[in-house]
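Written below as structure tokens is the structure these notes are about.
The values are calculated or read from the model by the stated rules, or taken from the named source; none is laboratory data. Owing to the predicted nature of the structure, the values given are computational and were not obtained by experimental measurement. In this analysis, Cβ positions are derived from the backbone assuming ideal geometry, glycine residues included, and neighbour counts consider all displayed protein chains. To get the accessible areas, we keep the full protein, side chains included, count just its heavy atoms, and leave off ligands, DNA and RNA. Shrake-Rupley method; radii C 1.70, N 1.55, O 1.52, S 1.80 Å.
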Amino acid sequence: MPAKSRFTRLDAFTKTVEDARVRTTSGGVVTITSLLVILWLVWGEWADYRRVIVRPELVVDKGRGEKMEISLNVTFPRVPCELLTLDVMDVSGELQMGVMHGINKIRLSPEVEGNKVIEVKALELHKDEAAHLDPSYCGECFGAPPPTDGVKPGCCNTCDDVRNAYASISWSFGRGEGVEQCEREHYAEHLDAQRKEGCRIEGSIRVNKVIGNFHIAPGKSFSNGNLHVHDLENYFKDETHTFTHKIHHLRFGPQLSDAVIADISAKHQATGPGGWTSHHINPLDDTDQHTEEKAYNFMYFIKVVSTAYLPLGWEKAAPRHVKYDELLGSTIDAGYKGSIETHQYSVTSHKRSLAGGTDEEAGHKERIHARGGIPGVFFSYDISPMKVINREVRAKSFSGFLVGLCAVIGGTLTVAAAVDRAVYEGVNRVKKLQKDL
């Protein structure tokens, strides 16, 4: 049998002769309608193929020896900048007392005047307050050992040096009366002038990625054995001082630009309900806390979860320059197409009076607060052993797109043929009935 005959026997698409075909008006309408439906469905398949969704994955965080950036912006309308101290400590034994590098203290006018900005002071490590003094001058430390980080080794040439020297042996410093350096720098006068002011602390710090805490409390801090202590004398001298505060933002990890957040949110929303916004990343943003008590503290217990965002083609993108990782406060903008390593966190809060007693005001008579402690705002953070990876993927593969295309065309034509056949048979039956009548 010739090869042509063999293929002819296998033909599943038998044809009718032209004379056996009947063309009708209804068939033309069905054909045009089916073509329009096919075009609309094909466009939907194409849009679905081009759609990018985000698939979350949960893995064990295997990173070791990493650092983590913490960015904060907190306003204290009733405590002057001169009295506020930021300390950081963690379970690895690292203690950063009086953190200054990367932090700005912004003096604010008194609360009754609207807490307007008076002065922005960028705090720098080892700032020289005694540059105008004779080079041979060596200030007295008044019985305390000279600080190791003083302006001049073995001396106390500034008021801050004397305060550090006193703190190293747990001496209370007060207003610096009788201390030559403090009288020269008008330390007591500055305290009095700022007593009714507020303060905003903003900036970034870098910490070990281990369990730790940081707090903002009044007075110079120092360690006494295993105890962490603050000199509270100046804080309690004014009745208006309280730790009412507003957290404008608290972020763990690098800053994401608005364009990056908008793009990530849009792709999360394309995946389904519950898009990713800055509120989900930083739940403490715009938190207000109020108190009229001086001896009062606020505690926030934070669970930090490492989070990676992997855009499409992130493997081929140029890596982010290492200087941006080392630069505090750097922003990831829309031009960066590589992997984004950041952190999300959940938080619970607690507040209590340092005088102790029951929590009757909050409606919990059965709850009794411990007595004692340091007034201030405390943030304790724990690092989750798990890591969330949000990976961008296509909603449909190319082969899935082709399958969908065939299903759309074949299914629509099959339905159209059935509709056309039904219309044709119906019209013929009506004509036959009319003829019989």
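Checked against (1) of a type in the set (A, V, I, L, M); (2) touching a strand residue (DSSP E or B) at 6+ places or on another chain (Cβ under 6 Å); (3) within 17 Å of A165 (Cα to Cα), I201 passes all but a single condition, namely (3).
I'd like to check something: does region 248-259 contain any residue that is under 29 Å from T348 (Cβ atoms), modelled with pLDDT under 75 and buried (at least 16 other Cβ atoms within 10 Å of the Cβ)? No, because not a single residue in region 248-259 is under 29 Å from T348 (Cβ atoms), modelled with pLDDT under 75 and buried (at least 16 other Cβ atoms within 10 Å of the Cβ). For first residues located in region 193-218 and under 28 Å from R175 (Cα atoms), partners that are outside any strand (DSSP E or B) and among the aromatic types (F, W, Y) and lie 6+ apart or on another chain with Cβ distances below 9 Å form the pairs I216/F243; A217/Y235; A217/F243; P218/Y235; P218/F236; P218/F243. For region 269-278, the condition holds for no residue, the condition being that it is over 21 Å from H350 (Cα atoms) and at pLDDT 75 or above. Return the total of residues in region 374-425 being outside any helix (DSSP H, G or I) and either touching a Lys or Arg at 6+ places or on another chain (Cβ under 8 Å) or within 30 Å of E315 (Cα to Cα) (or both). Looking only at that region, the number is 18.
Taken as a whole, region 227-241 holds no residue that is buried (at least 16 other Cβ atoms within 10 Å of the Cβ), closer than 19 Å to H350 by Cα and not hydroxyl-bearing (S, T, Y).
Identify, please: which residue in region 200-224 is basic (K, R) and within 19 Å of the chain's Cα centre (by Cα) and is, among those, surrounded by the most Cβ atoms within 10 Å (Cβ to Cβ)?
Top of the filtered list is K209.
Yes/no matrix, rows are residues, columns are (1) at pLDDT 65 or above; (2) not small (G, A, S):
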site: S265; (1), (2): yes, no
site: H280; (1), (2): no, yes
site: A295; (1), (2): yes, no
site: M299; (1), (2): yes, yes
site: A308; (1), (2): yes, no
site: E315; (1), (2): yes, yes
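All of (1) modelled with pLDDT under 85; (2) farther than 30 Å from T412 by Cα; (3) exposed (fewer than 15 other Cβ atoms within 10 Å of the Cβ) hold for E57 with one exception: (1).
Of all residue pairs spaced 6 or more apart or on separate chains, those with beta-carbon atoms under 8 Å, a first member in region 62-90 that is in contact (Cβ under 8 Å) with a residue 40 or more places away in the chain and under 28 Å from E111 (Cβ atoms) and a second member that is surrounded by fewer than 18 Cβ atoms within 10 Å (Cβ to Cβ) and of a type in the set (S, T, Y) are R78/T240. Exactly one residue out of T75, T16 is open to solvent by less than 100 Å² (accessible area, probe 1.4 Å), of a type in the set (S, T, N, Q) and modelled with pLDDT under 80: that is T16.
Any residue at all in region 170-179 that is open to solvent by 60 Å² or more (accessible area, probe 1.4 Å), over 30 Å from R352 (Cα atoms) and of a type outside the set (K, R)? Yes - at least one qualifying residue is present in region 170-179. Assess whether V120 counts as being surrounded by fewer than 17 Cβ atoms within 10 Å (Cβ to Cβ), at pLDDT 70 or above and assigned to a helix (DSSP H, G or I). Taking the combined requirement at face value, the residue does not satisfy it. Conditions: (1) open to solvent by less than 60 Å² (accessible area, probe 1.4 Å); (2) touching a Leu at 6+ places or on another chain (Cβ under 7 Å); (3) modelled with pLDDT under 80. A130 meets all but one. Number of the miss? Failed condition: (2).
What residue, among those in region 129-178 that are in a helix (DSSP H, G or I) and aliphatic (A, V, I, L, M), is farthest from E82 (Cα to Cα)? Step by step, filter region 129-178, then rank; the result is A165.
Do any strands (runs of 3 or more DSSP E) lying entirely in region 187-232 carry at least 1 residues that are over 23 Å from P110 (Cβ atoms) and modelled with pLDDT under 80, and which ones are they? Can you show your working first?
Working: elements: 198-208, 212-218, 221-224, 227-230.
Where strands (runs of 3 or more DSSP E) fall fully within region 187-232 and carry at least 1 residues being over 23 Å from P110 (Cβ atoms) and modelled with pLDDT under 80, they are 221-224, 227-230.
Only one residue in E69, E111, E45 is of a type in the set (D, E, K, R), over 29 Å from F222 (Cα atoms) and open to solvent by less than 40 Å² (accessible area, probe 1.4 Å). Which one?
Working: E69 fails: over 29 Å from F222 (Cα atoms); E111 fails: open to solvent by less than 40 Å² (accessible area, probe 1.4 Å).
One residue alone meets the criteria, E45.
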